[in-house]
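A.B. asks: Please see the structure below; I have some questions.
Taken together, the values in this text are just the output of simple stated rules run on the coordinates, not laboratory data. Everything numeric here is computed off the predicted structure, so don't read it as measured data. Positions of Cβ are generated from backbone atoms using ideal geometry, with glycine treated the same way; all protein chains shown enter the neighbour counts.
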Amino acid sequence: MKSKLEYIWLDGYKPTQSLRSKTMVRSDFGGKLEDCPMWSFDGSSTEQAEGNASDCLLKPVAIIPDPGRLNAYLVMTEVLNADGTPHESNGRATIDEREDDEDFWFGFEQEYFLWNPETNLPPGFPPGGYPPPQGPYYCSVGARNAYCRDLIEEHFDMCLEAGLNVEGINAEVAAGQWEFQIFAKSAKRAGDEIWLARYLLERTAEKYDLDVDWHPKPLGDTDWNGSGMHANFSNGPMRDDGDETVFTKICEEFGKGPNIPACIAVYGAHNEQRLTGRHETQSIEQYSYGVSDRGASIRIPIGTVEDGWKGRLEDRRPASNADPYKVASVIVKITKDALA
């Protein structure tokens with residue numbers, strides 16, 4: 001029997017990388033990661049190599065069943081140079097092997113806009129205009145407020161069937177804007193799952209002749225919310241100690257001079273258009289944290305306080321187009337420094 005292996009990787013386009021993929025056919029495939037061979041591709045076609053030395057390598061790092069094709073799997077890979085070293089576009093390689101353990105838990109809230117290529121607007125927006133102001137769309141039901149639910153439900157089902165740890169979905173604040181949430185233990189696994197879920201969303205949207213817009217502020221300087229990828233995170237001391245000072249130390253560490261630009265540098269392109277201090281954001285020029293404060297850079301959930309200072313923090317700054325590998329990497333580093 002023959003199986004289809006869809007090798008997925010991130011290209012070298014800047015400032016925002018896109019997903020690429022191609023299919024390999026294997027006979028008597030065992031279905032395990034170790035059964036996936038290394039592969040290569042033409043890096044000169046993806047902004048990752050010059051034409052006179054164009055081979056880049058694809059190293060398989062995660063595999064899940066592909067519920068959208070017969071006898072098929074999705075293989076997440078990371079890009080290596082021809083000599084086997086990590087390519088400069090490889091965000092997964094920024095996660096230190098010594099720090100990638102299941103003690104760090106991540107819950108990413110991935111927001112995005114569906115986009116109609118014909119109108120160049122989200123579904124629900126009339127050509128050349130705007131629908132009624134935001135307010136009725138968040139967690140909405142009904143054809144006046146919720147758009148493309150069939151697509152959303154199909155993507156949701158595919159993620160669950162594939163074994164991705166999607167924990168929920170909801171319509172978001174703007175018309176045509178949605179969100180899914182993924183939980184994973186370890187930085188690399190969290191990044192793998194977000195990218196695989198993004199891939200399935202883009203491929204599902206193709207069937208409906210729609211695009212997915214990951215830009216953090218695709219509607220420009222308007223009174224419509226942007227899209228983020230809020231990063232909820234915890235480690236052992238946060239979950240177990242019941243100590244307010246643990247959370248204070250971490251929040252203060254994120255606000256130290258060099259750590260602010262270190263975070264913003266990997267929290268997504270064009271994020272200054274979203275982090276304006278409006279629409280449930282803190283300004284990109286400022287840093288703050290607070291209990292139950294959705295206008296802060298880092299929110300301390302009320303549940304964490306009510307559980308005796310046991311739980312998680314939510315960094316609200318990452319943009320919808322951020323690389324989750326890089327986001328998780330910087331969060332691990334700063335949190336560990338805070339508690340060292």
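A.B. asks: Need one number: nm distance between label points at Ser54 and Ala340, each 7 Å from Cα along Cα→Cβ, rounded to one decimal.
C.D. replies: The two pseudo-label positions are separated by 4.4 nm.
A.B. asks: Does region 173-224 come out rounded, prolate or oblate, given a ≥ b ≥ c as the square roots of the eigenvalues of its C-alpha gyration tensor, rounded meaning a/c under 1.5 and, failing that, prolate meaning a/b above b/c?
C.D. replies: oblate
A.B. asks: To continue, here is another question. Determine the alpha carbon to alpha carbon distance for each of Lys59/Lys207; Lys185/Lys336; Lys185/Lys310 and list only those over 19 Å. Walk me through the numbers on the way to the answer.
C.D. replies: On the way: Lys59/Lys207 29 Å; Lys185/Lys336 16 Å; Lys185/Lys310 17 Å.
The pairs that break the limit, which is 19 Å between Cα atoms, are Lys59/Lys207.
A.B. asks: Evaluate the distance, in nm, between pseudo-label points positioned 7 Å from the Cα of Asp211 and of Glu306 along their respective Cα→Cβ axes.
C.D. replies: Using points 7 Å along Cα→Cβ, the separation is 4.2 nm.
A.B. asks: Considering the convex hull of the alpha carbon atoms of region 104-339, report its projected area averaged over all viewing directions, in nm², one decimal.
C.D. replies: The directionally averaged projection comes out at 12.2 nm².
A.B. asks: Which is the longest run of the chain containing none of the chymotrypsin sites (Phe, Trp or Tyr not before Pro) found in DSSP loop states (not H, G, I, E, B) with at most 16 other C-beta atoms within 10 Å?
C.D. replies: Numbers: sites that count: Tyr13, Tyr138, Tyr208.
So the longest stretch without any such site is 209-340.
A.B. asks: Another question, then. Given the Cα-Cα distance of Thr276 and Met1 and 0.36 nm per residue of separation, how much length would full extension add, in nm?
C.D. replies: Computed gain between Thr276 and Met1 is 93.5 nm.
A.B. asks: Something else about it: Give the relative contact order (percent, whole number) for region 104-339; include only Cα pairs under 8 Å separated by 6+ residues.
C.D. replies: 24
A.B. asks: Taking Rh as the Kirkwood radius, which is the inverse of the mean 1/r over Cα pairs, what is the Rg/Rh value for region 244-308? Walk me through the numbers before you get to the answer.
C.D. replies: On the way: Rg = 12.5 Å, Rh = 12.6 Å.
Rg divided by Rh gives 0.99.
A.B. asks: Return the Rg/Rh ratio of region 158-248 with Cα-based radii and a Kirkwood Rh.
C.D. replies: Ratio of gyration radius to Kirkwood radius: 1.05.
A.B. asks: Using only the Cα atoms of region 263-340, construct the convex hull and provide its projected area averaged over every direction, in square nanometres to one decimal. Kindly include the intermediate steps, with their values, before the conclusion.
C.D. replies: Values: hull surface 21.6 nm².
Seen from a random direction, the Cα hull of region 263-340 projects 5.4 nm² on average.
A.B. asks: May I have the pair-distance distribution P(r) for region 216-277, computed from all Cα-Cα distances with 5 Å bins from 0 and rounded to whole percent?
C.D. replies: Spelled out bin by bin, region 216-277 gives 4, 14, 19, 18, 16, 14, 10, 4, 2 percent.
A.B. asks: Let me ask another. Quick one: check the C-alpha center-to-center distance for region 326-340 versus region 217-280, whole angstrom.
C.D. replies: Going from one Cα centre to the other spans 13 Å.
A.B. asks: Compute the distance in nm between two label points, each set 7 Å from the Cα along the Cα-to-Cβ direction, one at Glu102 and one at Asp35.
C.D. replies: Roughly 2.3 nm, to one decimal.
A.B. asks: Of all alpha-carbon pairs in region 193-309, indicate the percentage at a distance above 25 angstrom.
C.D. replies: Details: 2545 of 6786 pairs.
Counting pairs separated by more than 25 Å, the tail of P(r) holds 38 percent.
A.B. asks: For the modelled label position 7 Å from the Cα of Glu244 along Cα-to-Cβ, which residues of region 256-292 have backbone nitrogen atoms closer than 14 Å?
C.D. replies: Inside the label zone: 290-292.
A.B. asks: Please list log₁₀ I(q)/I(0) at q = 0.18, 0.21, 0.27 Å⁻¹ for region 120-184, using the Debye equation with identical point scatterers on the alpha-carbon positions.
C.D. replies: Result of the Debye calculation: -0.68, -0.84, -1.14.
A.B. asks: With a/c under 1.5 counting as rounded, go ahead and sort region 78-121 into rounded, prolate or oblate using the C-alpha gyration tensor (a ≥ b ≥ c being the square roots of the eigenvalues; past the cut-off, prolate if a/b is larger than b/c, else oblate).
C.D. replies: Oblate, since a/c reaches 1.5 and b/c is not below a/b.
A.B. asks: A further question follows. Would you mind classifying region 2-94 by shape? Square roots of the alpha carbon gyration tensor eigenvalues, ordered a ≥ b ≥ c; an a/c under 1.5 is rounded, otherwise it is prolate if a/b is larger than b/c and oblate if not.
C.D. replies: Because a/c hits 1.5 or more and a/b exceeds b/c, region 2-94 counts as prolate.
A.B. asks: Can you list the HN-Hα couplings for region 70-81, worked out from phi with the Karplus curve (6.51, -1.76, 1.60; θ = phi - 60°), rounded to whole Hz and with x for Gly and Pro?
C.D. replies: With coefficients 6.51, -1.76 and 1.60, one gets 6, 6, 9, 9, 9, 10, 6, 10, 10, 8, 10, 5 Hz.
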